[in-house]
Amino acid sequence: MYIVPEREIAGLMTREASFAAVEKVFAAMAAKDAYNFPVIREAIGHEDALYGFKGGFDRAGQTLGLKAGGYWPNNLEKRGLINHQSTVFLFDPDTGKASAMVGGNLLTALRTAAASSVSISHLARKDAKVIGMIGAGHQAKFQLRAALEQREFEKVIGWNLHPEMLPNLQEVADEAGLPFEAVELDGMREADVIISITSSFDAILGADQVSPGTHLACMGTDTKGKQEVDPALLVKATVFTDEVAQSISIGEAQHAIAQGLIGEGDIAQLGAVINKAHPGRQSDEEVTLFDGTGVGLQDLAVASAVVDQAVKTGIAIEVDF
Ligand code: NAD
């Protein structure tokens, strides 16, 4: 089997390759060539850690495996390690033998940014000029960098509960040579594309703070109880997701579903748009919303691409296992 350590991922994986891998696996999921296994997530009663597994099988891409990991809130303070820790394990689908072990920390950020980017690529208006960010933490920088490659954006605006983190967004806007402006939530009406990526447990963005024609990628809500937008926004918008079962249970749609505002049948898979089985955006006035919950197959897709690259470049460590 091959080992690709965390330290090698930055040199091996590009945003373009992450986008391609995630777009392909979303398409395979919608075509029913790939499916995710039920997610396991446990508070293990040690170090306040949340630990779990996200796995799946992509028959089209012949990728089988899981990502194991979670959140250790004391890591940084106690040990100087990052709080999110994950590792991807791949298995040979023909034999069940372990084929690779891959550092999953950077890959998680890249695959999550790729998911919102794929949604922007397929659902945002072609003439989108202003991108709005809600959230300015670790993931937000990856999200913004990848999103800026999808349209000819001219300006970045941002809101964050903790304004002292807004320089994170300024830094990415500077890299791209774009102006950055901190705004109040009402200012989000200027945005053609909005990404939300926070750890919020309450609605931040109101339905009337979004202009007609906007595309939203709601990326922060990946657990029961989390929430970033007013459920009324999901009524106003055409809703897409990576996986409907996750969207209604742990995604942004969980609230609109629980309140009976929308039904499961109102949520389409982004992969169906990629496969042209769903028309996607149908007018310049339509509000589209991607509920990005994060699926195991995304992790497997980018990990598999990294292993190929690591083997090709001689960086993969081969062990007899
Ligand atoms: P982070 O800790 O670096 O940043 C957290 C962000 O949320 C900051 O902008 C912070 O100001 C904001 N925030 C914190 N509490 C808030 C509150 N009560 N209300 C509004 N904003 C609040 O975290 P991160 O690594 O950037 O992750 C952000 C979120 O993305 C987390 O909820 C994480 O679980 C989620 N996530 C989702 C996926 C996915 O696939 N959908 C993947 C990775 C992470």
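Here are the numbers for the structure shown:
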item: Odd one out for THR221 among (1) more than 15 Å from the chain's Cα centre (by Cα); (2) closer than 20 Å to ALA140 by Cα; result: (1)
item: Subset of the stretch 282-314 that is open to solvent by 40 Å² or more (accessible area, probe 1.4 Å) and in the same structural domain as ASP192 (by TED's automatic domain parsing) - its residue that is nearest to the ligand (Cβ to nearest atom); result: GLN282
item: Residues of the stretch 125-168 that turn out to be assigned to a loop (DSSP other than H, G, I, E, B) and under 16 Å from the mean Cα position of the chain (by Cα), as a count; result: 6
item: Residue under evaluation ALA60, criteria (1) in contact with a helix residue (DSSP H, G or I) (Cβ under 9 Å, 6 or more places away or on another chain); (2) farther than 17 Å from GLY292 by Cα; (3) modelled with pLDDT of 95 or more; (4) open to solvent by 20 Å² or more (accessible area, probe 1.4 Å), criterion not met; result: (3)
item: Filter result for GLU171 (over 22 Å from the mean Cα position of the chain (by Cα), surrounded by fewer than 24 Cβ atoms within 10 Å (Cβ to Cβ), charged (D, E, K, R) and within 16 Å of the ligand (Cβ to nearest atom)); result: no
item: Matching residues in the stretch 205-215 - criterion: being within 16 Å of the ligand (Cβ to nearest atom) and surrounded by 21 or more Cβ atoms within 10 Å (Cβ to Cβ); result: LEU205, GLN209
item: Selection status of ALA136, more than 9 Å from the ligand (Cβ to nearest atom) and open to solvent by less than 70 Å² (accessible area, probe 1.4 Å); result: no
item: Members of the stretch 63-81 that are in contact (Cβ under 8 Å) with a residue 40 or more places away in the chain and open to solvent by 40 Å² or more (accessible area, probe 1.4 Å); result: LEU64, LEU66
item: Counted residues, the stretch 216-231 - those being open to solvent by 10 Å² or more (accessible area, probe 1.4 Å) and more than 7 Å from the ligand (Cβ to nearest atom); result: 5
item: Scope the stretch 139-155; condition under 22 Å from GLY206 (Cβ atoms), surrounded by fewer than 24 Cβ atoms within 10 Å (Cβ to Cβ) and within 11 Å of the ligand (Cβ to nearest atom); matching residues; result: none
item: Residue that is surrounded by the most Cβ atoms within 10 Å (Cβ to Cβ), among those in the stretch 190-202 that are within 19 Å of the chain's Cα centre (by Cα) and assigned to a strand (DSSP E or B); result: ILE195
item: Helices (runs of 4 or more DSSP H) wholly inside the stretch 222-321 that include at least 1 residues being in contact with a Phe, Trp or Tyr (Cβ under 6 Å, 6 or more places away or on another chain) and either more than 28 Å from ALA191 (Cβ to Cβ) or of a type in the set (Asp, Glu) (or both); result: 296-312
item: Count - residues of the stretch 29-52 that are in contact with a Lys or Arg (Cβ under 9 Å, 6 or more places away or on another chain), more than 16 Å from ALA245 (Cα to Cα) and either in a helix (DSSP H, G or I) or open to solvent by 30 Å² or more (accessible area, probe 1.4 Å) (or both); result: 4
item: Among residues of the stretch 263-281, those that are under 19 Å from ALA28 (Cβ atoms) and away from the ligand (no atom under 16 Å from the Cβ), counted; result: 9
item: Unique match (being among the small types (Gly, Ala, Ser), open to solvent by less than 30 Å² (accessible area, probe 1.4 Å) and assigned to a strand (DSSP E or B)) among SER86, SER18, SER116; result: SER86
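The values are calculated or read from the model by the stated rules, or taken from the named source; none is laboratory data. Computed from a prediction, not measured in an experiment: that's the story for all the values here. Heads up, the Cβs are rebuilt from the backbone with ideal geometry, glycines too, and the neighbour counts pull from every protein chain shown. Note: accessible area is taken over every heavy atom of the protein model, side chains too, but ligands, DNA and RNA are not part of it. Shrake-Rupley method; radii C 1.70, N 1.55, O 1.52, S 1.80 Å.
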